[in-house]
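A short write-up of the structure that comes next.
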Amino acid sequence: MKPTIGITRCSSLDDYVASIEQSGGRARILEVTESPKKVMAEIQGLLLTGGGDVDPAFYGEDRDESIHDAEPGRDEFEIDLARRAIETNLPVLAICRGAQVLNVAAGGSLMQDIPSAVETDLPHTIERPKNEIAHEVVVTAGSKLERVLGAAVTAAQTCRVNSRHHQSVSRVGRSLTPSATAPDGVVEAIEAPSADFCIGVQWHPENFWRTGEFKSLFDTFVAAATSRVRS
């Protein structure tokens with residue numbers, strides 16, 4: 001049986017859905033009006049998608065003027081889902097905003113605006129084309145992310161990524177650890193080492209579904225969800 005992957009609704013869903021279906025999963029788009037408890041009983045994996053910024057009130061900080069709010073209800077709904085997923089060891093793949101949601105759900109905080117917080121010439125935001133390479137990230141040796149990315153990681157522990165974010169992880173949440181950083185020190189990926197599959201990345205691997213650079217990431221995620229179907 002194909003596992004059902006809950007995908008949080010965002011303004012650009014097509015590449016997320018294609019990535020999941022290409023790797024053998026069944027996509028189910030989640031609405032903020034749904035009950036997180038009910039959703040959790042009906043999915044075998046959770047994909048937290050990109051989008052606007054998490055309200056800093058959720059990690060106890062004042063609001064920076066650079067904040068771009070997500071759609072109404074997304075923060076509450078997705079943080080609730082992420083917490084339940086962490087608690088139940090449900091496979092989670094979190095992308096861009098999703099990685100930030102995952103970190104906040106685990107009690108962490110965010111860097112609210114990279115350009116004003118970090119002296120860097122690195123292009124963390126390149127809008128078009130979606131799969132244009134922006135920079136390299138350094139992947140932590142021995143991490144689950146390294147194993148999952150496979151051939152995408154070079155012998156020098158680097159991986160070439162696209163980038164469309166102005167925020168990133170600041171204080172890392174409980175049970176999570178950084179697993180990739182940009183050359184300027186910005187956290188580019190987090191993971192839960194003790195989980196079956198719980199990885200968040202700041203780039204957009206779904207934009208490469210046609211060319212396959214990050215297919216192994218989705219394959220491994222869907223495989224972890226498939227094991228929930230069989231158990």
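The values are calculated or read from the model by the stated rules, or taken from the named source; none is laboratory data. Worth saying up front: this structure is predicted, and the values here are computed from it rather than measured. All Cβ positions, glycine included, derive from the backbone under ideal geometry; neighbour counts span all protein chains shown. The area values use the complete protein model at the heavy-atom level, side chains included, leaving out ligands, DNA and RNA. Shrake-Rupley method; radii C 1.70, N 1.55, O 1.52, S 1.80 Å.
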Completion exercise
Quick calc, region 30-101, dipole around Cα centre from Cβ unit charges on Lys, Arg (+) and Asp, Glu (-), nearest 20 debye, gives 460 debye
Exercise for the section: Could you check which residue among Glu191, Glu76, Glu127 shows the biggest mean-square fluctuation in a GNM of the chain with a 10 Å Cα cutoff? Expected result: Glu127
Problem - Protection proxy ranking of 60-72, 177-189, 209-221 - average other beta-carbon atoms within 10 Å, highest first - result: 177-189, 209-221, 60-72
Practice task
Would you please give the FRET efficiency between Lys2 and Ala155, computed as 1/(1 + (r/R0)^6) with r the Cβ-Cβ distance and R0 = 41 Å, to the nearest 0.05?
Solution key: 0.70
Fill in the blank from the handout: If the chain between Asp184 and Val172 were fully extended at 0.36 nm per residue, the gain over the current Cα-Cα distance would be 2.6 nm
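Note the per residue figure in Å³ for the convex hull of the C-alpha positions in the chain. List each step's numbers first, then the result.
Details: hull volume 25.8 nm³, N = 231.
Spelled out: Cα convex hull of the chain, divided by residues, is 112 Å³.
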Exercise for the section: Amide H neighbours of Leu110 under 5 Å, at least 5 residues apart or on other chains, H built in the peptide plane: list them. Expected result: Ser170, Arg171
Problem - Alpha-carbon spread of region 62-198, three principal axes, descending order, Å - result: 37, 37, 26
Problem - Expected 222 nm ellipticity per residue - DSSP helices of 4 or more, -39500 (n - 2.57), all of the chain, to 500 - result: -8000 deg cm²/dmol
Fill in the blank from the handout: In whole Hz, the Karplus estimates of ³J(HN,Hα) for region 190-206 (6.51, -1.76, 1.60; θ = phi - 60°; x where Gly or Pro) are 9, 7, 9, x, 8, 7, 5, 7, 8, 9, x, 10, 7, 8, 10, x, 5
Exercise for the section: Just the number, please: carbon plus sulfur as a percent of the accessible area of the chain, 1.4 Å probe, no ligands or DNA/RNA counted. Expected result: 49 percent
Practice task
Report, in order of residue number, the helices in the chain meeting two criteria: a C-alpha extent of 15 Å or more along the helix axis, and a mean Kyte-Doolittle hydropathy of at least 0.0; treat each whole DSSP H run as one helix.
Solution key: 215-230
Practice task
Whole Å is fine, so just give me how far the alpha carbon centre of region 190-208 lies from that of region 1-66.
Solution key: 13 Å
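State the Kirkwood hydrodynamic radius of region 132-231 in Å, one decimal place, computed from all pairs of distinct Cα atoms. Let's see the in-between values first.
Working: mean 1/r = 0.0713 Å⁻¹.
For region 132-231, inverting the mean 1/r across all distinct Cα pairs yields 14.0 Å.
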